[in-house]
Amino acid sequence: MFKNYFKATLRSLLKNKSFSAINIVGLTAGLTCCILMVLYIQHEMSYDKFQEKGDRIARVIMEYKFSEGELSKGNFTSTKVFPSFKRNFPEVEDGVRMTAAGRIIKYEDKLFTEKKFFYADSTFFNIFSFKLLRGKAATVLGSPKMVVLTESTAKKYFGNDDPVGKVIQVGSMQDNYQVTGVTEDCPSNSQIKFDFLASFSSLNATQEKTYFDANFTTYLLLKDKGSIASLQSKIGPFMQDEVKKGYDPGTYINFELEPYTRVHLYSAFDGFEPNSNIVYIYIIAAIALLILAIACFTYINLSTARSMERAKEVGIRKVSGAFGKQIFWQFITESLILAFVSLVLSYVAVAFLLPSFNGLTEKSLAPSLLFQPSVLLIAAGIVLTISLLAGSYPALILSKFQPIKVLKGSFKNTSSGVWLRKSLIVFQFSISIFLIVSTFIIQRQLRFIQTKKMGYDREHVMVMNIDQKIIEKIDLFKTELKTNENVLAVSKAQSTPVDIQGGYSMNSAGTDKGMSVKGCPVDDEYITVNNIKIIAGADFTKQDILDANKEDYTKSYYHYILNESAAKALGWDPQQAIGKKMFLGAHRPGEVKAVIKDFHFASLHNPIDPLVLFPGGWGNFMLVKTSGKNLTGTIAFMEKKWKELAPHRPFEYRFLDEDFDKLYASELRTGKVFSIFASLAILLACIGLFGLSTYAAQQRIKEIGVRKVLGASMYGLVALLSKNFLKLVVIAILIATPLAWWLMNKWLQDFAYRVNIDWWVFAIAAAVALFIALLTVSSQAIKTALANPVKSLRTE
């Protein structure tokens, strides 16, 4: 029986090549989107599931404020939190303190800058399920200057030699670290990805003096996975008592616990890599399913539209003795074969597109994932669902035909079939218009971010990581680099102006009331390099740097530059602020030297906070402002000077624009995904519309011939064939517009600075949809209208 079904299906598909091609292309595109999204979502949802104790691990989030300041919150703690909590809370079984730090690694003639160099307590392998291949979990990080390598890193430095016991030089001071173990490479679905894991005791930072100096990440291992709520209820009262013992009145410190397995998708604070967002996962999954739905609806539409053409075939089958059940399964088989062919083609398309998809999502999904049992099961389920949903309605309609009426030619398409086709067209174009509007608004917001004046100049500014050896000869670096006419200014700073995160307490002299501010130690050229506008006072001088960095720190005196928001928070206008005495923390007395115009030193998701710049003798970055002329030659010159002055460190650089783009990586990816999906959705909707308009024109070819003979114009005939379809697109516009406005308005609320949703955005989207629909329908309508009426009237 199935053999007969199969033969009949092949004959039908080959007989109607254009409709078969439309259906296969549509379903293949829809399935390709779905499979790519299944791979992506499966990867995102599996984050950290390999951690055997994951349901008992909690990340500690710190929140604090001073009497006059705003509440600050982040994924940082001091070194005191873990030992203090372990002593005072029986729910805590163990814990680990960690930090990530780029380091220069040297072994023999190999010299690399390694970004994934982590420090962790000796308890790390007791808490996390990273498999050690060499070394014992209890001892590999037990003493200072010990380091564990991943398998690929060990091969990179030592080839096939046993790395355990070997010594590598770490950092600018080339401290000797002994390799004590080797682990498997970190899984791609882990929020902790290291190449080197060094003992936390190497940092000499394991003091328990204060809950401030919060520069580390703390994870707690609880004795019971259900004890996170009970522990959380105890932390607040405990910290109130702790604050009373040694902190200024009005200081608030508290800690929240985040379940480790929820950090990647649900936390507002990144881990050691940028988080994803469960909302974006839902959105992308929904769009992929909607695109698949468009493809399925195209199939249903074309199948029901062709019911008249296949009515005689069904009538003859029934007269020959076929039962309704056999007719039904004939068309279900046809649908199943069509879906299976589309699935095979989609697998080929996914394998071809996966590298580009990985580049878009910044993942490393391997083609082998396509053949995992779970993915195969999902793919099979999608095919069966498509076959039943897309094939059952046409099959039911066709299997119920009455053969006598059909063979007499008195059978007509039912009104319910016409209504269904119209409804599906409206649905398809509603999705397409919604995606067009959403893409337009997302791209407008991204352009707004890219073109908005941030208050600093990021054009042609190079950024290089530096260390203590470079800081010790920073003046020589500046002098040598400026001998090139295209190097305009050179600055050393703790942070670039793109993302300043350092938190401090600031108060004006004569008052105990402090306020939380963001702060950044800089030098006398920071303002110049970044072209930040001074609205009152004067820039730092070299003497200001010397005054703030005396050998006897008790004699240091600081000059401060405030932004407008900080001056306003202290009750001063820019001119009044100049010369006002203030403290940054308890040990940095000084006065305000200048007030700068507010600039965006964080993402546009956040409003501008109070900021203070102050002279600092330390820093992480060198910023070089270039003219932009002969950039290749300028970089080559800088590399030569770097190798002369800092041979211990590879010459590596990036542009400030790259740091800026990283702040909006998630939005940029979302914008690209929406653009691709919107294009695909409108393409699939148009393919379906083209198929239906082609079929409608064929059904009315004799009518068109009569109208032409009676003098109808081509314009009138095109309008006749197009107007019903365009009415459906107008209805789709009316449905999609309010939905797109509501959802995009909610998305924009996440930005403190955003574009407005103007009426003309919807007008353009509507015009685009109508134009594309008109172009699709009219192309076939014009072809039909231009046909020779004599040939048309001779048919039948």
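The values are calculated or read from the model by the stated rules, or taken from the named source; none is laboratory data. Remember, predicted model here, so these are calculated numbers, not experimental data. Using ideal geometry, Cβ is built from the backbone for each residue, glycine included, and neighbour counts are taken over all protein chains shown. Ligands, DNA and RNA are excluded from the accessible area calculation, which covers all protein heavy atoms including side chains. Shrake-Rupley method; radii C 1.70, N 1.55, O 1.52, S 1.80 Å.
In this structure, Gly585 does not satisfy being within 31 Å of the chain's Cα centre (by Cα) and touching a residue at least 24 places away in the same chain (Cβ under 8 Å). All but one of (1) open to solvent by less than 10 Å² (accessible area, probe 1.4 Å); (2) at positive phi hold for Ala489, so report the exception by its number. Looking at each condition in turn, Ala489 falls short on (2). Screening Ala567, Ala586 for residues that are assigned to a helix (DSSP H, G or I) and either open to solvent by 50 Å² or more (accessible area, probe 1.4 Å) or not polar (S, T, N, Q) (or both) leaves exactly one candidate, Ala567. Filter segment 421-433 down to residues that are open to solvent by 30 Å² or more (accessible area, probe 1.4 Å) and not charged (D, E, K, R) and give me whichever is farthest from Lys492 (Cα to Cα). It comes out as Ser423. Restricting attention to segment 49-94 and to residues that are of a type in the set (Phe, Trp, Tyr) and at pLDDT 90 or above, the residue that is surrounded by the most Cβ atoms within 10 Å (Cβ to Cβ) turns out to be Phe82.
For every residue, the table says whether it meets (1) among the charged types (D, E, K, R); (2) at pLDDT below 95; (3) over 19 Å from Lys223 (Cα atoms).
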site: Arg97; (1), (2), (3): yes, no, no
site: Glu108; (1), (2), (3): yes, yes, yes
site: Asp121; (1), (2), (3): yes, no, no
site: Phe128; (1), (2), (3): no, no, no
site: Lys136; (1), (2), (3): yes, yes, yes
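Would you check which residues across segment 546-564 are buried (at least 18 other Cβ atoms within 10 Å of the Cβ) and at pLDDT 90 or above and list them? Result: Tyr558, His559, Tyr560, Ile561, Leu562, Asn563, Glu564. Residue check: is Lys193 under 29 Å from Gly503 (Cβ atoms) and surrounded by fewer than 19 Cβ atoms within 10 Å (Cβ to Cβ)? Answer is yes for this residue. Of the residues in segment 636-659, at least one is surrounded by fewer than 21 Cβ atoms within 10 Å (Cβ to Cβ) and over 30 Å from Lys106 (Cβ atoms).
Beta carbons closer than 9 Å, at least 6 apart along the sequence or on distinct chains, never pair a first residue in segment 664-676 that is crowded, with 17+ Cβ neighbours inside 10 Å with a second that is of a type in the set (D, E, K, R) and modelled with pLDDT under 75. Residue count for segment 107-161 satisfying the condition of being without any contact (Cβ under 8 Å) to a residue 12 or more places away in the chain and of a type in the set (Asp, Glu): 3. Being in contact (Cβ under 8 Å) with a residue 24 or more places away in the chain and exposed (fewer than 15 other Cβ atoms within 10 Å of the Cβ), is that true of even one residue in segment 274-282? There is at least one residue in segment 274-282 that is in contact (Cβ under 8 Å) with a residue 24 or more places away in the chain and exposed (fewer than 15 other Cβ atoms within 10 Å of the Cβ). Determine whether segment 524-534 contains at least one residue that is open to solvent by 40 Å² or more (accessible area, probe 1.4 Å) and on the phi > 0 side of the Ramachandran plot. Yes: one or more hits.
Quick grid of which residues meet (1) over 30 Å from Gly537 (Cα atoms); (2) among the hydroxyl-bearing types (Ser, Thr, Tyr); (3) modelled with pLDDT under 85:
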| residue | (1), (2), (3) |
| --- | --- |
| Asn606 | no, no, yes |
| Asn620 | no, no, no |
| Met638 | yes, no, no |
| Arg649 | yes, no, no |
| Tyr653 | yes, yes, no |
| Ala678 | yes, no, yes |
| Phe690 | yes, no, yes |
| Gln699 | yes, no, yes |
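Can you confirm whether segment 610-617 contains a residue that is modelled with pLDDT under 95, open to solvent by less than 40 Å² (accessible area, probe 1.4 Å) and over 14 Å from Asp523 (Cα atoms)? Yes, segment 610-617 contains a residue that is modelled with pLDDT under 95, open to solvent by less than 40 Å² (accessible area, probe 1.4 Å) and over 14 Å from Asp523 (Cα atoms).
Considering (1) free of Cβ contacts under 8 Å to residues at least 24 places away in the same chain; (2) in contact with a Lys or Arg (Cβ under 9 Å, 6 or more places away or on another chain), the lone condition that Asn563 does not fulfil carries the number (1).
Let's see how each residue does on (1) at pLDDT 90 or above; (2) touching a helix residue (DSSP H, G or I) at 6+ places or on another chain (Cβ under 9 Å); (3) surrounded by fewer than 19 Cβ atoms within 10 Å (Cβ to Cβ):
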residue	(1), (2), (3)
Ile436	no, yes, no
Gln445	no, yes, no
Lys453	no, no, yes
Tyr456	yes, yes, no
Lys469	no, no, yes
Ala493	yes, yes, no
Val498	yes, yes, no
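Strands (runs of 3 or more DSSP E) fully within segment 159-233 that include at least 3 residues being among the aliphatic types (A, V, I, L, M) and in contact with a strand residue (DSSP E or B) (Cβ under 8 Å, 6 or more places away or on another chain): 167-170, 217-222.
The residues of segment 302-361 that are of a type outside the set (A, V, I, L, M), at pLDDT below 70 and either open to solvent by less than 10 Å² (accessible area, probe 1.4 Å) or farther than 24 Å from Val383 by Cβ (or both), listed by number, are Thr304, Ser307, Glu309, Lys312, Glu313, Gly315, Arg317, Lys318, Ser320, Gly321, Phe323, Gly324.
The strands (runs of 3 or more DSSP E) found wholly in segment 487-553 and carrying at least 3 residues that are in contact (Cβ under 8 Å) with a residue 60 or more places away in the chain occupy 487-493, 503-508, 515-522. Taking the criterion of being closer than 30 Å to Ala229 by Cβ and either open to solvent by less than 20 Å² (accessible area, probe 1.4 Å) or in contact with an Asp or Glu (Cβ under 6 Å, 6 or more places away or on another chain) (or both), the residues of segment 95-114 that qualify are Gly95, Val96, Arg97, Met98. Check whether at least one residue in segment 226-243 is open to solvent by 70 Å² or more (accessible area, probe 1.4 Å), more than 24 Å from Tyr47 (Cβ to Cβ), of a type outside the set (S, T, N, Q) and at pLDDT below 90, and report yes or no. Within segment 226-243 (the criterion being open to solvent by 70 Å² or more (accessible area, probe 1.4 Å), more than 24 Å from Tyr47 (Cβ to Cβ), of a type outside the set (S, T, N, Q) and at pLDDT below 90), the answer is no, since none of the residues qualifies.
If only residues of segment 203-213 that are crowded, with 16+ Cβ neighbours inside 10 Å and modelled with pLDDT of 85 or more are counted, the one that is nearest to Ile127 (Cα to Cα) is Leu203. Could you please give the count of residues in segment 740-759 that are open to solvent by 100 Å² or more (accessible area, probe 1.4 Å) and aromatic (Phe, Trp, Tyr)? Of the residues in that region, 3 qualify. Here is the figure for segment 244-261: residues that are touching a strand residue (DSSP E or B) at 6+ places or on another chain (Cβ under 9 Å) and open to solvent by 80 Å² or more (accessible area, probe 1.4 Å) total 2. Among the residues making up segment 767-786, a single one is open to solvent by less than 20 Å² (accessible area, probe 1.4 Å) and modelled with pLDDT of 80 or more: Ala769.
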